[in-house]
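Take a look at the structure set out below.
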Amino acid sequence: MEKTLNWREFVITRLVRASGYSAIVFVALIFFFLLREGLPTFAEVPLSTLFSLRWYPIEDYFGILPLITGSIMVTLGATLVAVPFGIGTAIYISEIAPRWMREILKPMVELLGGLPSVVLGFLGILILSPFLRTFLDLPTGLTAFTGSLLLGGIAVPTVVSIAEDALDSVPRSYREGAWALGATRWQTIWRVTLPAASSGVLTAVMLGVGRTIGETMTVMMVTGNAPVLAITPGSLFSPVRTMTATIAAEMGEVANGSVHYHTLFFIGMVLFIISLIVNVAASSVVFRSKKRAERVLS
Amino acid sequence: MTDKIVIEALSLTYSDGVESLRNISMGVRENAVTVLFGPAGGGKSTLLRCLNRLNDLTEIRASAGRILIDGENILDPKTDVIALRRKVGMVFARPVVLPMSIRQNLTYGLELAGEKRKSRLDEAVERSLKLAAIWDEIKDRLDDPAIALSGGQQQRVCLARVLALQPEIILLDEPTSGLDPISTGKVEAALLELKKEYTVILVPHSVQQAARAADFAAFFLQGELVEYGEGKSIFTMPKEKRTEDYVTGRFG
């Protein structure tokens, strides 16, 4: 009897451990393939070409700067939409809304988070971009701005649900302490609850940003996909092309092992590194504040 | 001596149907320590939280009766709750220092009330820390984060924070439940000083503390005010059998 139990323990423990390790293995494999397919770019494309302003792979122009700036522009725009809107919604849900409202809003936000991005892109093409074109009097409605608005919408549920969790975990006693001192509801939120939840709110922002950088479908559908350097404020209202959209659009047609093929993988590496930086920055901020709290507690 | 607070026929039910106060009537004297004691769930904290309307934020289904402070019914919906909470300060069971420096914790309430002059703020910090008997311990590190203080120190900072607002009434909800005997002694000593200027209402964490601190004492049992009178008589010769049983340790 005892022996079978031990045997079962042994198998289950090993299985659980194996699935844990597999995460590491998968990341390592992904990184390995990215490097294997992307690194030859350095040998095949001169750096001066790689960091030039022209992306036109058919004639061997492999300048990725327009793609990087396009991604950054759309991501920044989306962040500007998602952060205030998301944190505002989180504050409303956790601090202000009556209970019945909260019970409607929370599942709605989660539903929104599960919406396939291609659906949003479709709405963007059909409704948002014609509207923006006439409303802002632009030559085309497929712009970085359109992409930013939609991507912001995609990131909002992520920001809301994580920021709301963070606000919710601030002890009730903090709020009561501030109220008992004669703080109004808004003063309590702004000076006590938000600062106390700051690390969680920051994580929410970072994950929201991560979500927008990696988003492909929507941006491919609504940003116009013109590989033009996007660094002036005006280029917010003109078509841009992001790194993700480039990979998705061109990978299907490229000859396996060609220069173009390697360059697309190189773009993938750049993306990988950017999201790595965002994630490391996010977790180091959270980690630092956690360490500070632990030091205080000991 | 007059009654600072008059509670008239106060009844209160939480939205989940639990009745927490049943027809409470009592007067609270100025410049004295009034102790509300009894076993847990008796309604002491609920009553305390009515006095600064902190119960507004929990869900309460029905409430009847009046609470008069200086003759004004504070349960009136038109009452300025923010002003009321400045006049009726509160210290909680677990010290709640806000996530800022010690100094900011003390000046926070005043700044909310619109005080900007630095000299006034500094003056209030020193005066209230001295009243709370903690000035000598922390005067050299007022700009450290308040959360780095010990529990006993945090609780006295919380008391000082309330005092900085110069309230008229101070509510204390088991202020020493998490403290060691030495810190408890310091807080209790501070209370003796405080009652010269303020009306103090204390929910003690033990019968012994109730007996030590009470000028007046009210015994609560399951939402009912069983007996109310001078501390000395309640703890030495209670009129009610239930009070006697609790005070002598037969239940609770």
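The values are calculated or read from the model by the stated rules, or taken from the named source; none is laboratory data. Predicted model only: the values in this text are computed from it and were never measured. Methodologically, a virtual Cβ is constructed for each residue, glycine included, from the backbone with ideal geometry; neighbour enumeration extends over all protein chains shown.
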**OP:** Please give the number of the condition B:Phe216 fails out of (1) under 13 Å from the mean Cα position of the chain (by Cα); (2) of a type in the set (Phe, Trp, Tyr); (3) surrounded by fewer than 22 Cβ atoms within 10 Å (Cβ to Cβ).
**Re:** (1)
Original post:
Is it the case that B:Val81 is surrounded by fewer than 18 Cβ atoms within 10 Å (Cβ to Cβ), within 11 Å of chain A (Cβ to nearest Cβ), under 21 Å from the mean Cα position of the chain (by Cα) and under 20 Å from A:Val192 (Cβ atoms)?
Top reply: yes
Original post:
Tell me, which helices (runs of 4 or more DSSP H) wholly within the range A:125-224 include 1 or more residues that are farther than 23 Å from B:Gln104 by Cα and within 11 Å of chain B (Cβ to nearest Cβ)?
Top reply: none
Original post:
(1) away from chain A (no Cβ under 14 Å); (2) part of a helix (DSSP H, G or I): which one isn't true of B:Ser63, the others all being true?
Top reply: (2)
Original post:
Would a scan of the range B:97-104 turn up a residue that is touching a residue at least 24 places away in the same chain (Cβ under 8 Å) and under 19 Å from B:Asp173 (Cα atoms)?
Top reply: yes
Original post:
Can you tell me how many residues in the range A:33-66 are basic (Lys, Arg) and not in a helix (DSSP H, G or I)?
Top reply: 1
Original post:
If you scan the range B:151-198, which residues turn out to be within 13 Å of another protein chain (Cβ to nearest Cβ), of a type in the set (A, V, I, L, M) and closer than 18 Å to B:Phe37 by Cβ?
Top reply: B:Ile170, B:Leu171, B:Leu172
**OP:** Could you tell me which residue of the range B:101-127 is surrounded by the most Cβ atoms within 10 Å (Cβ to Cβ), considering only residues that are within 8 Å of chain A (Cβ to nearest Cβ) and more than 28 Å from B:Pro204 (Cα to Cα)?
**Re:** B:Leu112
Subject >> Filter result for the condition that a residue is farther than 30 Å from B:Glu8 by Cα, part of a helix (DSSP H, G or I) and not acidic (Asp, Glu), over B:Arg86, B:Arg127 >> reply: B:Arg127
Original post:
From the residues in the range B:31-73 that are basic (Lys, Arg) and in contact with a Gly (Cβ under 9 Å, 6 or more places away or on another chain), which one is nearest to B:Val207 (Cα to Cα)?
Top reply: B:Lys44
Original post:
Among the residues of the range A:74-93, is any modelled with pLDDT of 90 or more, touching a strand residue (DSSP E or B) at 6+ places or on another chain (Cβ under 7 Å), buried (at least 18 other Cβ atoms within 10 Å of the Cβ) and in a helix (DSSP H, G or I)?
Top reply: yes
